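One structure is given below, encoded as structure tokens.
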Amino acid sequence: MSALVEGATVPAAAARAGAARTHGPLFVALRRDLLLAARHRSEVFTALSFFVVVTSLFPLGIGPEPELLRRIGPGALWVAALLATLLGLPRLFASDHADGTLEQMALAPRSFALQVAGKMAAHWLVCGLPLVLMAPLLGLQFGLDADALGVLVVSLLVGTPLLSLIGAIGAALTLGVRGGGALLALLVLPLYVPALVFGSGAVEAQAAGLSVRAHLSILGAMLVLALCFAPWATTAALRIAME
Amino acid sequence: MHRSPPPGRLSQIKGLSGTPMNDASVPRTPVPCVLTATDLACSRGERRLFEGIDFALRGGEWLHVRGANGSGKTTLLRTLVGLAPADTGSVSWCGTDIRAEPETYREAVVYLGHPAALKDDLSAAENLRVALEVDGVAVAAEALDAALRRLHLEGEHDLRARQLSAGQRRRLLLARLVLRPARLWVLDEPFAPLDAASVELLGGLLRAHLDGGGIGVVTSHQAVPVAASRELVL
């Protein structure tokens, strides 16, 4: 047992010396979730394939009417992106809650809000960014020209993080609720409306020959606002869920 | 309607409830750390689980929390670490309410709860490293290997957590106790899935922790190889 006695005290002394500090809590949580996503690739592809399939159904269902497709394209792509982001949300905190990891994160002597922000960032990188990268290709199905595709990508680039941030609040609020998935959709989708309006509105404005700056600025302002408040709101909801 | 059971006060310390909570004039470092619970009461829904819990634990002492299933042992532990709020009463660490300086308190406490807090898709070593990183503790690979060896998990280093047995999963959690410096251990049924040799091993860890001036709060249905300083029956 003497080896045990020694072993228990030596690392404690080393850590107290202050030499052992890891990366920031945000980065640690982000890297952990990305590692888990890499181990569980099917979940990553679910959102992306959903996005691809849904956006491909529109041209197939409507038929070869270029004018109509061009009209509905931005809206259809944005609605599909919105629903695809929603797919990964119930799992955002659920597995960590079930296996007790979330409690350990809340008990860590570091900012819980930053760890939660790291999880949100991971959700966007896994569920949001692939949609942004895929969008121009899918936009071609709707006959969008290069300029419209550019605006679409920019609007999604600003808009999908916003969707992840708002969605995380909903995911935290419905954590541990039976049938939380449906409730989450009901809770979050109305909150997605402004992002949808200004996101798809930007592409339509471009098509109408207007400036897209106003739409993108409002979208950006909403993102900044969400960046400031969503991690804290989510953290508060998570703490209630864990009580 | 709901009769409350007679509160367990086996380890009550007289006079401690009057301890000043926020005495700013007292320098914090020289004060030996004391975990104090004052008049704690918790309920689940309508039912009062326990009330009037008073105790104080100094360095080198550990509290054995006992009680039937559903008597509120886990709730008490969660209240002590600050995960669940108490209905009444307070918990203080070194004379400061834990809600006043949560970060200082969390630095000092390590809590092992019922859920394993392991990721099935990560290997044993990855799980341990990630859990420590979350706590802000970076460990060298050698220290990690040494800890796994000490818990007899060297063969499971690269094995996914889903492939570990219940006892191995628990021992993997215990490796955290070796690597993460903490003054206060709050352990919820740590002995439950362990075999006899591992029970001895954890007993040794607990003894070393107490000898080093640490404090423990442990629930256990089994006999614990270290004599309890106090007992609390809920």
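The values are calculated or read from the model by the stated rules, or taken from the named source; none is laboratory data. Every value quoted in this text rests on a predicted model; they were computed, and no experiment measured them. Every residue, glycine among them, receives a Cβ derived from its backbone with ideal geometry; neighbour counts consider all protein chains shown.
Does the stretch A:226-236 contain any residue that is surrounded by 15 or more Cβ atoms within 10 Å (Cβ to Cβ), farther than 30 Å from residue A:107 by Cα and in contact (Cβ under 8 Å) with a residue 12 or more places away in the chain? So far as the stretch A:226-236 goes, no, none of its residues is surrounded by 15 or more Cβ atoms within 10 Å (Cβ to Cβ), farther than 30 Å from residue A:107 by Cα and in contact (Cβ under 8 Å) with a residue 12 or more places away in the chain.
Considering B:100, B:108, B:131, B:140, which residue is among the hydrophobic types (A, V, I, L, M, F, W, C) and touching a helix residue (DSSP H, G or I) at 6+ places or on another chain (Cβ under 8 Å)? Write out each step before concluding.
Details: B:100 fails: touching a helix residue (DSSP H, G or I) at 6+ places or on another chain (Cβ under 8 Å); B:108 fails: touching a helix residue (DSSP H, G or I) at 6+ places or on another chain (Cβ under 8 Å); B:140 fails: touching a helix residue (DSSP H, G or I) at 6+ places or on another chain (Cβ under 8 Å).
None of the other options fit; the residue is B:131.
Kindly provide the set of residues from the stretch A:65-103 that are within 14 Å of another protein chain (Cβ to nearest Cβ), surrounded by fewer than 21 Cβ atoms within 10 Å (Cβ to Cβ) and free of Cβ contacts under 8 Å to residues at least 12 places away in the same chain, ordered by number. Once the filter is applied, which keeps residues that are within 14 Å of another protein chain (Cβ to nearest Cβ), surrounded by fewer than 21 Cβ atoms within 10 Å (Cβ to Cβ) and free of Cβ contacts under 8 Å to residues at least 12 places away in the same chain, the stretch A:65-103 yields A:95, A:98, A:99, A:100.
Would you check if there is a residue in the stretch B:47-69 being farther than 30 Å from residue A:41 by Cα, in contact (Cβ under 8 Å) with a residue 40 or more places away in the chain, within 13 Å of chain A (Cβ to nearest Cβ) and out of contact with any His (no Cβ under 6 Å at 6 or more places or on another chain)? No, the stretch B:47-69 contains no residue that is farther than 30 Å from residue A:41 by Cα, in contact (Cβ under 8 Å) with a residue 40 or more places away in the chain, within 13 Å of chain A (Cβ to nearest Cβ) and out of contact with any His (no Cβ under 6 Å at 6 or more places or on another chain).
Of the residues making up the stretch B:87-102, just one is in contact with a Cys (Cβ under 6 Å, 6 or more places away or on another chain) and either among the charged types (D, E, K, R) or within 11 Å of another protein chain (Cβ to nearest Cβ) (or both), namely B:87.
In the stretch A:109-119, which residue that is surrounded by fewer than 23 Cβ atoms within 10 Å (Cβ to Cβ) and in contact (Cβ under 8 Å) with a residue 60 or more places away in the chain is nearest to residue B:135 (Cα to Cα)? Steps first, please.
Within the stretch A:109-119, the first condition is being surrounded by fewer than 23 Cβ atoms within 10 Å (Cβ to Cβ), and the residues that meet it are A:109-111, A:113-114.
Then keep just the ones that are in contact (Cβ under 8 Å) with a residue 60 or more places away in the chain; that gives A:110-111, A:113-114.
Details: A:110: 7, A:111: 10, A:113: 14, A:114: 13 Å.
Top of the filtered list is A:110.
Just checking, does the stretch B:70-80 include any residue being away from chain A (no Cβ under 11 Å), without any contact (Cβ under 8 Å) to a residue 40 or more places away in the chain and not in a strand (DSSP E or B)? Yes, the stretch B:70-80 has at least one match. For the stretch B:145-168: of the residues being facing chain A (nearest Cβ under 10 Å) and in a helix (DSSP H, G or I), which is surrounded by the most Cβ atoms within 10 Å (Cβ to Cβ)? Only one residue fits best here, namely B:147.
Test residue B:171 against the criterion of being charged (D, E, K, R) and more than 7 Å from chain A (Cβ to nearest Cβ), and give yes or no. Show your work before the answer.
Numbers: charged (D, E, K, R): yes; more than 7 Å from chain A (Cβ to nearest Cβ): yes.
Spelling it out, residue B:171 is indeed charged (D, E, K, R) and more than 7 Å from chain A (Cβ to nearest Cβ).
Look at (1) within 17 Å of the chain's Cα centre (by Cα); (2) assigned to a helix (DSSP H, G or I); (3) without any contact (Cβ under 8 Å) to a residue 40 or more places away in the chain and you find that residue B:142 fails only one, number (1). Do we find that residue A:177 is modelled with pLDDT under 95 and either within 18 Å of residue A:92 (Cβ to Cβ) or under 18 Å from the mean Cα position of the chain (by Cα) (or both) in this structure? Spelling it out, residue A:177 is indeed modelled with pLDDT under 95 and either within 18 Å of residue A:92 (Cβ to Cβ) or under 18 Å from the mean Cα position of the chain (by Cα) (or both).
The residue list B:83, B:112 contains one member that is within 12 Å of chain A (Cβ to nearest Cβ) and over 24 Å from residue B:213 (Cβ atoms), which is B:83.
Could you tell me which residue of the stretch B:44-62 is surrounded by the most Cβ atoms within 10 Å (Cβ to Cβ), considering only residues that are among the hydrophobic types (A, V, I, L, M, F, W, C) and more than 13 Å from residue B:216 (Cβ to Cβ)?
B:53
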